[in-house]
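Down below is the structure, laid out as structure tokens.
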């Protein structure tokens with residue numbers, strides 16, 4: 001069983017949307033969340049003059065998608081480190097999309113060039129694999145040469161950094177789904193694990209058989225990449241679902257090219273069929289049991305005679 005973690009969040013400015021310093025029990029790492037507007041206020045923080053790895057988070061004005069840039073900064077001859085790099089990014093017209101930064105450094109100033117290069121490369125690759133954010137790095141950061149002992153040490157740092165990053169509000173390292181429509185059998189659907197559901201319907205609009213797979217996660221319902229989507233909209237389709245269908249990648253054959261998250265099973269079903277749908281009855285498990293019936297059983301288990 002996963003063990004609990006004790007995380008300390010210090011609100012530097014006394015407010016939740018201001019600067020936050022984050023530490024974690026038994027971890028030498030140190031993290032900061034800094035709004036772009038508060039960067040200059042951090043000049044007096046000595047740990048931000050150290051080496052570190054940073055993330056710039058923002059939103060694309062073109063399509064509203066989340067954006068991240070991953071960078072590293074070493075200590076310069078004038079004694080300035082990661083904070084100086086953030087100030088430079090703030091002044092750069094090429095980096096005008098970001099609204100807040102997350103910085104990772106250490107409480108004992110133990111990062112050298114080798115460590116931050118490795119972390120930058122790993123963090124950038126992890127963000128790309130997760131596909132939650134558009135990664136703005138133009139070039140793939142070099143991972144460098146590193147001993148197996150140091151690699152083990154840094155991988156432990158990364159595990160803690162993943163926890164801290166999620167706590168600070170960015171799921172940049174977390175995939176939407178544990179599986180895909182082609183390997184859903186690999187999902188552990190036991191107690192406490194994600195559950196997989198199926199939707200199959202013969203469409204009168206297109207004459208096709210619509211077949212989709214959905215994974216229930218702790219965030220909602222993820223329609224999986226590879227699902228067959230009805231490409232013709234009905235008049236009854238919710239406006240938000242119609243907009244989502246226009247934003248995601250669906251090929252000419254109606255095959256979904258990416259995982260898509262919805263907050264309710266009905267919106268997930270409406271996305272698939274292109275019109276109003278009741279997710280409680282449309283989604284079924286492998287045995288054909290409807291999602292609504294499963295939820296009812298979980299809330300109020302039937303009493304069995306002993």
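For segment 59-131, the gyration tensor built on C-alpha atoms gives an oblate shape. Its axis ratio a/c (a ≥ b ≥ c) is at least 1.5, and a/b is not larger than b/c.
Label separation (residue 162 vs residue 251): 3.0 nm, computed from points 7 Å beyond Cα along the C-beta direction. Mind grabbing the base-10 log of I(q)/I(0) for the chain at q = 0.08, 0.11, 0.14, 0.16 Å⁻¹? Debye formula, identical points on the C-alpha positions, no solvent, two decimal places. With one equal scatterer per Cα and no solvent, log10 I(q)/I(0) is -0.47, -0.80, -1.08, -1.23.
What ranking do 141-152, 86-97, 255-266, 112-123 get when scored by the average of other Cβ atoms within 10 Å per residue, highest first? Spell out each step's value before the answer.
Working: 141-152: 12.0, 86-97: 13.6, 255-266: 17.9, 112-123: 20.3.
Ranking, from highest mean packing down: 112-123, 255-266, 86-97, 141-152.
Distance between the C-alpha centres of segment 201-244 and segment 40-100: 39 Å, rounded to the whole angstrom.
With Rg and the Kirkwood Rh both taken from Cα atoms, where does Rg over Rh land for segment 106-170?
0.97
At an R0 of 45 angstrom, the distance between the Cβ atoms of residue 151 and residue 300 translates into a FRET efficiency of 0.35.
Over the residues of the chain, the helix contribution to mean residue ellipticity at 222 nm works out to -8000 deg cm²/dmol, using -39500 (n - 2.57) for each DSSP H run of at least 4. Altogether, the Stokes-Einstein calculation at 20 °C and 1.002 mPa s, with the Kirkwood radius of segment 1-73 over Cα pairs as Rh, returns a diffusion coefficient of 149 µm²/s. When the square roots of the Cα gyration tensor eigenvalues are ordered a ≥ b ≥ c, the ratio a/c for segment 7-167 is under 1.5, which makes its shape rounded. Here the convex hull built on the C-alpha positions of segment 227-288 has a volume of 89 cubic angstrom per residue. For segment 184-299, the Kirkwood radius over C-alpha pairs fed into Stokes-Einstein at 10 °C and 1.306 mPa s yields D = 112 µm² per second.
Throughout, read-outs are computed from the coordinates displayed, never taken from laboratory work. Everything quoted here is computed from the prediction, not taken from an experiment. Here Cβ is always computed from backbone atoms with ideal geometry, including for glycine, and neighbour counts include all displayed protein chains.
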